[in-house]
Amino acid sequence: MSRSIVRQSKFRHVFGQTVKAEQGYDDIRVSKVTWDSSFCAVNPKFLAVIVESSGGGAFLVLPLVKSGRVDKNYPLVNGHSGPVLDIDWCPHDDNILASCSEDTTAMVWQIPDHSLTRPLSDPVVVLEGHSKRVGIITWHPTARNILLTAGSDNLVIIWNVGTGEPLITMDDHPDLIYSISWNRNGSLFCTTCKDRRLRVCDPRKRDVVAERMAPHEGIRPMRAIFTKDGNIFTTGFTRMSQRELGLWDPTNFEEPIALLELDTSNGVLLPYYDADASMVYLCGKGDSSIRYFEITDEPPFVHYLSTFSSKEPQRGMGFMPKRGVDVTKCEIARLFKLLDKKCEPITMTVPRKSDLFQDDLYPDTAGPEPAMEPEEWLNGRDEDPILVSLRGGYVAHKTREFKVSKKNMLDSRPTTRRSVSTLDTNNLPPELLGRLLEELQNLKATVLSQEKRISDLENKLSQFTNGTD
């Protein structure tokens, strides 16, 4: 008599659970823009959600601890003049967020530790280089201040946000770019495009080093992400419009490592990858379920684990970095599901009876320290992320001040005022010029004193919200 052999995996019994209602975030007017981004970004300190806004684009930033009903007058981050399409938290500073918009710009924001007390409309730096809307924004995983943007002008631009300058521009895509994903050390990125090609790009060589025509035969949008071992996981559609996932070796694109049909739903599957557990979570826009899989080096390589289902369809999703999970409850992932008017955190947990730290569930994970400076990366250096232990739980830094050894625009907000040297003073009478200069000096002194006062108040508020005296 034959016996079926069940594959051994510590993640085989992972289960999802929605948190209690009071731990969710209610009365959030999630954006209705027709764009296939996640509309949500989260880190161990903050939740950011792209929201409906009149007269431009805006997003909401909430401290994670500020759950419950969100006041309808809660201040927004509203510097864009068109709808915001994508947002991404910096992996090396939990107070820095990048956004991009239909207004053709990308912006970098510094978020204070406490709740916003007034609307934030002055970004730290504005990145202007695209001629059409910018729909994708993503930080380099290991190099400080390196940011990638992609727009409907089919350009990929890599920026040094510390100087506000574009470092690399690539125009290898003949049509709209659907998705971009860096590999583990940021030496390559992969893209999917409306021309149905999957590409692997080396940005420092400004070259496409590998490509595959139609990894999925359907014409609907695809998504692709790099796995920890350098393979590429893709989602797309078959010719018969069935949703499909694939695993590919970029050094040999001829045949897939794995190809699996799922269902016939219409929503684009957004993949979220956990490098530590080698798991991928698939969230379809308009779906009410989250499927999760484990990727291994044993056939069939992509192993279905389970499905978390709920009643309401999701508008978007945020994925918490491993630093933000609760290791005392064997939580291995936390997703933030966007509904029409609220955000529900969902915890993914491995059932264990022991209260001790589970070493096998929590290998050292990517920490917040960058592995190299932008100049080093640009000159060809590659480094894996600097790892940190989660034993005892990760403790987020309190207000991190931007004290870096090199000139960095993230240290202080650039002023948009014109300097006196740019004014045409040749035709002014000496008396009038003297009065103008005196008035200017007085105004500067007033502004500086008010800024110092604001800074002091924000610091006191931060100390209060952090539980200090």
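The values are calculated or read from the model by the stated rules, or taken from the named source; none is laboratory data. Since this is a predicted model, take the numbers as computed values, not measurements. Reconstructed Cβ throughout: ideal geometry from the backbone, glycine too, with neighbour counts over all protein chains shown. Note: areas computed on protein heavy atoms with side chains; ligands, DNA, RNA excluded. Shrake-Rupley method; radii C 1.70, N 1.55, O 1.52, S 1.80 Å.
Among 307-314, 105-112, 353-360, how do they line up from the highest to the lowest mean number of other beta-carbon atoms within 10 Å? Please list the in-between numbers first.
Values: 307-314: 14.9, 105-112: 22.2, 353-360: 9.8.
Output ranking for 307-314, 105-112, 353-360: 105-112, 307-314, 353-360.
I want to make sure I understand the PRE zone here: with the label point 7 angstrom from the Cα of I219 toward its beta carbon, which residues in region 250-270 have backbone N atoms less than 20 Å away?
Taking a point 7 Å out along Cα→Cβ of I219, the residues of region 250-270 whose backbone N falls under 20 Å are 264-269.
At a Förster radius of 22 Å, what calculated FRET efficiency corresponds to the Cβ-Cβ distance of S241 and D340, to the nearest 0.05?
Numbers: r = 26 Å, r/R0 = 1.18.
With a Förster radius of 22 Å, E is 0.25.
At 7 Å along the Cα-to-beta-carbon direction for both S187 and S9, put a label point, then send me their distance in nm to one decimal.
Simple spin-label model gives 2.9 nm for this pair.
R0 = 60 Å: FRET efficiency of F253 with S121, Cβ-based, nearest 0.05? Show your work: numbers first, answer last.
On the way: r = 46 Å, r/R0 = 0.76.
After rounding to 0.05, the efficiency reads 0.85.
Kindly report the accessible area of the chain per residue (heavy atoms of protein chains, probe 1.4 Å, no ligands, DNA or RNA), in Å².
Values: 23110 Å² over 469 residues.
The answer is 49 Å² per residue.
Separation between the L461 and S354 pseudo-spin-labels, each 7 Å from Cα along Cα→Cβ, expressed in nm?
4.5
For D26, D207, give the ranking by accessible area with the largest first, probe 1.4 Å. Kindly include the intermediate steps, with their values, before the conclusion.
Details: D26 45, D207 70 Å².
I get D207, D26, largest accessible area first.
If each residue of separation counts as 0.36 nm, what is the full-extension length gain between W35 and T18 once their alpha-carbon separation is subtracted?
On the way: separation 17, 0.36 × 17 = 6.12 nm, distance 2.59 nm.
Value of the extension gain: 3.5 nm.
By how many nm would the segment from K311 to E439 grow when fully extended, if each residue of separation counts as 0.36 nm and the alpha-carbon distance is taken off?
Values: separation 128, 0.36 × 128 = 46.08 nm, distance 6.29 nm.
Residue separation times 0.36 nm, minus the Cα-Cα distance, leaves 39.8 nm.
What's the local net charge at T105, with K and R +1, D and E -1, over the other residues with C-beta under 12 Å away?
On the way: positive: K132, R133; negative: E102, D103, E128.
Every neighbour counted, the sum reads -1.
Please compute the contact order of the chain in relative form: average sequence separation of alpha-carbon pairs under 8 Å and at least six residues apart, divided by the residue count, as a percent.
Working: 1061 pairs, mean separation 64.4, N = 469.
Once normalised by length, the contact order is 14 percent.
Before anything else, pin down the relative contact order of region 189-297: Cα pairs under 8 Å, at least 6 apart, normalised by residue count, whole percent.
Values: 240 pairs, mean separation 17.8, N = 109.
Relative contact order here is 16 percent.
What length, rounded to one decimal in nm, is gained on full extension from E128 through to V209, with 0.36 nm per residue of separation minus their alpha-carbon distance?
Numbers: separation 81, 0.36 × 81 = 29.16 nm, distance 2.76 nm.
Gain on extension, E128 to V209, equals 26.4 nm.
What nm value, rounded to one decimal, do you get for the distance between T169 and S289 when each label is placed 7 Å out toward the C-beta?
Output for this residue pair reads 4.6 nm.
Arrange the residues R29, R223, R197 by how much accessible surface each exposes, largest first, with a 1.4 angstrom probe. Please list the in-between numbers first.
Numbers: R29 130, R223 20, R197 80 Å².
Accessible-area ranking of R29, R223, R197, largest first: R29, R197, R223.
Taking all protein chains as present, what is the carbon and sulfur share of the accessible area of region 213-252, in % to the nearest whole number, probe 1.4 Å?
Carbon plus sulfur share of accessible area: 50 percent.
Where does each of T347, T235 land when they are ordered by accessible area, with a 1.4 Å probe and the largest first? Numbers along the way, then the final one.
Numbers: T347 25, T235 5 Å².
Solvent-accessible surface, decreasing: T347, T235.
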